[in-house]
Amino acid sequence: MQVVTTRAELRAALASVPRPLGFIPTMGWLHDGHVSLVARARAECATVVVSNFVNPKQFGETADFERYPRNVARDNAICEAAGADIVFAPTVDEVYPPGFDTRVAMGAVALPLEGAARPGHFDGVATVVALLFNLVGAERAYFGSKDYQQVAVIRRMALDLAIPTDVVPCSTVREADGLAMSSRNVRLTPAGRAAAPVVHRALAAGVAAIDAGERSADAVRAAMSRVLAAEPAADPDYVSVAHPDTLAELAVIDGEALLSMAVRIDGVRLIDNELAG
Ligand code: PAF
């Protein structure tokens, strides 16, 4: 496996690799969710590239960006074991050289849910992913579905900007107790970690209500909120029942619905979702 840190090294490393090229953009602190993305790319592509870059443009507060866990040596070992061919781990100046002055401004898909809670976040994601897609030039890019709205934003951005990289959503990987794997989980205290599976239990209650025939989105939101209310450590940010394509909140569930939520536990903001119906 080759580790490159500059655009020029990346270009040279990619010059004559076999295609198709599979790409996994990450912010490092890799876990089994990322490993499953690399494994999927490895199975479907001749060359696998992982990027490891904590993108300052997608963080609201500098403190949050600085607190983000980092360990590139550990991440490189995980990538190598998972079968990656190339890791691109650039500095902030390499990605955004002095004078960089462009921002991808996303529309409606970026406004609700995470977009409402984190203004500007998806513009930052779209900006860095557009740039990385252009630098890597992959046929396919693999993303975890825990970040459902992120996948929708990136798919929209690639379509609108005519970037010929297929966006491939992959199933969320969970711990045995249902907690969705996330680089943020490491910041939970032991008590917070014990409380965190409530997020998936709440989603499961919503799915069960729909499976049992409930068609009122408010009743499904209430079923999920009741589960969260029973866990004192859980501080919900939003609980949503939305259309899976437009992400607009539903009144009546008459097809597939996206159940999603953001919940603070121990000050760590956890997000998760399930499709139902
Ligand atoms: O999901 C992430 O880790 C990041 O948002 C991404 C897609 C790598 C862009 O920085």
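Can you name the number of the only condition in (1) in contact with a Pro (Cβ under 6 Å, 6 or more places away or on another chain); (2) within 23 Å of residue 164 (Cα to Cα) that residue 21 fails?
Checking residue 21 against (1) in contact with a Pro (Cβ under 6 Å, 6 or more places away or on another chain); (2) within 23 Å of residue 164 (Cα to Cα), the one that fails is (1).
Mind checking which pairs have a first residue in segment 7-35 that is within 16 Å of the ligand (Cβ to nearest atom) and a second that is assigned to a strand (DSSP E or B) and of a type in the set (Lys, Arg), Cβ under 8 Å, 6 or more apart or different chains?
The qualifying pairs are 22/140; 23/140.
Just one of (1) of a type in the set (A, V, I, L, M, F, W, C); (2) closer than 20 Å to residue 74 by Cα; (3) free of Cβ contacts under 8 Å to residues at least 40 places away in the same chain trips up residue 46, so point out which.
Against the list (1) of a type in the set (A, V, I, L, M, F, W, C); (2) closer than 20 Å to residue 74 by Cα; (3) free of Cβ contacts under 8 Å to residues at least 40 places away in the same chain, residue 46 comes up short only on (2).
State all residues of segment 37-52 that are surrounded by fewer than 19 Cβ atoms within 10 Å (Cβ to Cβ) and assigned to a helix (DSSP H, G or I); if no residue qualifies, say none.
Filtering segment 37-52 for residues surrounded by fewer than 19 Cβ atoms within 10 Å (Cβ to Cβ) gives 39-40, 42-44, 46.
Across segment 37-52, the qualifying residues are 39, 40, 42, 43, 44.
Among the numbered criteria (1) within 19 Å of residue 271 (Cα to Cα); (2) in contact with an Asp or Glu (Cβ under 8 Å, 6 or more places away or on another chain); (3) at pLDDT 95 or above, which single criterion is violated by residue 187?
With (1) within 19 Å of residue 271 (Cα to Cα); (2) in contact with an Asp or Glu (Cβ under 8 Å, 6 or more places away or on another chain); (3) at pLDDT 95 or above applied to residue 187, the lone miss is (3).
Within segment 121-160, which residues are assigned to a loop (DSSP other than H, G, I, E, B) and either near the ligand (Cβ under 9 Å from one of its atoms) or touching a helix residue (DSSP H, G or I) at 6+ places or on another chain (Cβ under 8 Å) (or both)?
Initial filter on segment 121-160 (assigned to a loop (DSSP other than H, G, I, E, B)): 137-139.
Scanning segment 121-160 gives a single hit, 137.
Which condition number does residue 67 fail, the rest of (1) modelled with pLDDT of 95 or more; (2) among the basic types (Lys, Arg); (3) within 16 Å of the ligand (Cβ to nearest atom) being met?
It fails just one condition, (1).
Of all residues being touching a residue at least 40 places away in the same chain (Cβ under 8 Å) and farther than 20 Å from residue 117 by Cα in segment 234-277, which is surrounded by the fewest Cβ atoms within 10 Å (Cβ to Cβ)? Just the residue, please.
Here the residue is 277.
Where residues in segment 4-36 are touching a Phe, Trp or Tyr at 6+ places or on another chain (Cβ under 8 Å), aliphatic (A, V, I, L, M) and not in a helix (DSSP H, G or I), which of them is surrounded by the most Cβ atoms within 10 Å (Cβ to Cβ)?
So, considering only residues that are touching a Phe, Trp or Tyr at 6+ places or on another chain (Cβ under 8 Å), aliphatic (A, V, I, L, M) and not in a helix (DSSP H, G or I), the one surrounded by the most Cβ atoms within 10 Å (Cβ to Cβ) is 24.
Please state which one of 92, 4, 48 is at pLDDT 95 or above and within 15 Å of the ligand (Cβ to nearest atom). Let's see the steps before the verdict.
Numbers: 4 fails: within 15 Å of the ligand (Cβ to nearest atom); 48 fails: within 15 Å of the ligand (Cβ to nearest atom).
Answer to the selection: 92.
Could you tell me which numbered condition residue 195 fails, if it satisfies all but one of (1) hydrophobic (A, V, I, L, M, F, W, C); (2) closer than 30 Å to residue 101 by Cα; (3) crowded, with 17+ Cβ neighbours inside 10 Å?
Residue 195 satisfies every listed condition except (2).
When you scan segment 53-106 for helices (runs of 4 or more DSSP H) that lie fully inside it, which ones turn up with 2 or more residues that are basic (Lys, Arg) and surrounded by 13 or more Cβ atoms within 10 Å (Cβ to Cβ)? First the steps, then the outcome.
Working: elements: 62-67, 72-82, 92-95.
Output list is empty.
The values are calculated or read from the model by the stated rules, or taken from the named source; none is laboratory data. Since the structure is predicted, the reported quantities are computational estimates derived from the model, not experimental observations. Note that we place each Cβ from the backbone using ideal geometry, even for glycine, and neighbour counts take in every protein chain shown.
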